[in-house]
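The values are calculated or read from the model by the stated rules, or taken from the named source; none is laboratory data. Nothing here was measured: the structure is a model prediction, and the numbers come from that model. Glycine also receives a Cβ, built like all others from the backbone with ideal geometry; neighbour counts cover every protein chain displayed.
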Amino acid sequence: MNKPNLAVVFGGQSSEHDISCLSAPNVIDHIDKEKYNLYLIGITKEGHWVLVDKVEDIRDGSWRNSQISAVLSLDATKKGMYLITEDKTAFQPLDVVFPVLHGLWGEDGTIQGILEMAKIPYVGCGVLASAVSMDKFVTKELVSRLGIRQAAFVPVLREQLEKDEEAILARVEKELGYPVFVKPSRAGSSCGVNKAVDRASLRFALSEASQHDRKILVEEMIVGREIECAVLGGYEAKASGVGEILSAADFYDFDAKYNNADSRTIVDPDLPKDVVERVRESAVRIFAGVDGYGLSRVDFFVKADGEVVFNEINTLPGFTAISMYPMLWEQRGVSKDELVEELIRLAFARP
Ligand SMILES: Nc1ncnc2c1ncn2[C@@H]1O[C@H](COP(=O)(O)OP(=O)(O)O)[C@@H](O)[C@H]1O
Ligand SMILES: [Mg+2]
């Protein structure tokens, strides 16, 4: 049998472009090259798709100089990509795609939609689960139906903010009080997320969030530990154990996530067994509730009294050297090689 052609797509147009470039080598290193012919497709921040020669080019950033355009064919009778240079165009068939893209135009159902059109199997959640999970607003609506506790929130639209900011400030103060967390509905890596402790900082936080999205959430602050759970499988998936984020900053902002060496992640933290079970059970229910398939990381707060509060679901979680998703599976005895292989197997097995 011929080896399947597998393309890893990384980079992307979102604010999490750089994180994707850290995740991708970590995925690629664990793909079985005996089993698959590997193709690397990088998407620049501007949205230019290029064929990338080797994983080292991702590590040193030189992939952006590639002179070969990679254009996915949308023709379902001709599955693959066109490789275009100045003087020639070649067609390269593809059997499966592994999107290692975080955030908008990657984790939000857009690339999943392209691959559905092209009828090329791909790793991870489908269009609906990706789009729903990218949008914290819509996720809240769906999860509230499951009866799982979430932070109370006030929804804000950019145009309301432009029209009557005073009314919004008053509503937040009346319904939530301070402190609150303000976040864009669709972002990631804490981009545009701020804590507000008074009117002045709330104004600032709303203006920051509105630069990322038209829809903004103002949430009650949850005081608790940040606990994450990995989900893996088909439509009936399994939960890993749990991990904890120990942020070096006041909250887990972009800097604390990626630049501050004092931030730590702990696998299997000290937590009562029943709390861990509640987190794991909620993670699987939320994954199923958004129609998840393949993988997701589901994030919670656990309050001092043991109450479990859902925060967000990430359908293409970080896969960097310090990322929780692969670590949680390693702790369960699933090596990174096995994890990557299982994700690819699930792509082919999608019903
Ligand atoms: N309601 C909240 N209460 C307390 N902390 C919060 C709340 N919402 C967000 N945070 C803090 O902000 C961080 C980023 O917010 P999150 O909703 O996870 O957005 P992102 O998708 O960018 O990761 C969280 O990891 C947490 O530290
Ligand atoms: Mg988060």
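In region 166-179, the count of residues that are more than 16 Å from ligand 2 (Cβ to nearest atom), farther than 28 Å from V290 by Cβ and touching a Ser or Thr at 6+ places or on another chain (Cβ under 9 Å) is one or more. Just one of the listed residues (R64, R145) is out of contact with any helix residue (DSSP H, G or I) (no Cβ under 8 Å at 6 or more places or on another chain) and either basic (K, R) or assigned by TED's automatic domain parsing to the domain that holds V308 (or both), namely R64. When region 102-130 is filtered for residues that are among the aliphatic types (A, V, I, L, M), out of contact with any helix residue (DSSP H, G or I) (no Cβ under 7 Å at 6 or more places or on another chain) and closer than 23 Å to E342 by Cα, the ones remaining, listed by number, are I111, I114, L115, A118, I120, L128, A129. The sole residue among A151, A167, A131 that is touching a residue at least 24 places away in the same chain (Cβ under 8 Å) and either assigned by TED's automatic domain parsing to the domain that holds R345 or not acidic (D, E) (or both) is A151. Please work out which one of (1) within 16 Å of ligand 1 (Cβ to nearest atom); (2) of a type in the set (V, I, T); (3) outside any loop (DSSP other than H, G, I, E, B) is the condition I168 fails and give its number. Going through (1) within 16 Å of ligand 1 (Cβ to nearest atom); (2) of a type in the set (V, I, T); (3) outside any loop (DSSP other than H, G, I, E, B) one by one, I168 breaks only (1). Among the conditions (1) modelled with pLDDT of 95 or more; (2) surrounded by fewer than 15 Cβ atoms within 10 Å (Cβ to Cβ), the only one that D262 does not satisfy is (1). I'd like the full set of residues that are within 19 Å of G241 (Cβ to Cβ) and either within 13 Å of ligand 2 (Cβ to nearest atom) or hydroxyl-bearing (S, T, Y) (or both), limited to region 313-330. Passing the criteria: I313, N314, P317, G318, S323, M324, Y325. Taking the numbered list (1) in the same structural domain as I286 (by TED's automatic domain parsing); (2) aromatic (F, W, Y); (3) farther than 22 Å from R297 by Cβ in turn, F137 passes all entries but (3).
Selection of region 206-218 for residues being under 19 Å from Q150 (Cβ atoms) and buried (at least 20 other Cβ atoms within 10 Å of the Cβ) yields A209, D213, I216, L217, V218.
Picking from residues in region 297-351 that are among the polar types (S, T, N, Q) and within 16 Å of ligand 1 (Cβ to nearest atom), the one that is nearest to R149 (Cα to Cα) is N311. Collect the residues in region 31-68 that are farther than 15 Å from S20 by Cβ and of a type in the set (A, V, I, L, M, F, W, C), keeping them in residue-number order. Those that are farther than 15 Å from S20 by Cβ and of a type in the set (A, V, I, L, M, F, W, C): I31, L38, L51, I68. Within region 230-264, being within 16 Å of ligand 1 (Cβ to nearest atom), in contact with an Asp or Glu (Cβ under 8 Å, 6 or more places away or on another chain) and closer than 22 Å to E342 by Cβ holds for V242, G243.
Can you say whether V127 is buried (at least 16 other Cβ atoms within 10 Å of the Cβ), among the hydrophobic types (A, V, I, L, M, F, W, C) and under 26 Å from R225 (Cβ atoms), as far as the supplied structure shows? It is false that V127 is buried (at least 16 other Cβ atoms within 10 Å of the Cβ), among the hydrophobic types (A, V, I, L, M, F, W, C) and under 26 Å from R225 (Cβ atoms). Just one residue in the set D305, D291 is at positive phi and either modelled with pLDDT of 95 or more or surrounded by fewer than 16 Cβ atoms within 10 Å (Cβ to Cβ) (or both); that residue is D291. Here R285 does not fit the description of being on the phi < 0 side of the Ramachandran plot, buried (at least 19 other Cβ atoms within 10 Å of the Cβ), modelled with pLDDT of 95 or more and away from ligand 2 (no atom under 16 Å from the Cβ). Reported count of residues in region 182-223, each being at pLDDT 95 or above, outside any strand (DSSP E or B) and over 16 Å from R158 (Cα atoms), is 8.
The set of residues in region 246-270 being of a type in the set (D, E), within 16 Å of ligand 2 (Cβ to nearest atom) and closer than 20 Å to I222 by Cα consists of D250, D253.
Scanning region 128-148 for residues that are outside any helix (DSSP H, G or I) and out of contact with any Gly (no Cβ under 9 Å at 6 or more places or on another chain) returns D135, G147. Looking for something within 30 Å of A200 (Cα to Cα) and in contact with a His (Cβ under 9 Å, 6 or more places away or on another chain) - is there at least one such residue anywhere in region 87-103? Looking for residues that are within 30 Å of A200 (Cα to Cα) and in contact with a His (Cβ under 9 Å, 6 or more places away or on another chain), one finds at least one in region 87-103, hence yes.
Here M134 fulfils each of the conditions (1) within 16 Å of ligand 2 (Cβ to nearest atom); (2) more than 24 Å from P317 (Cα to Cα); (3) not basic (K, R) apart from (2).
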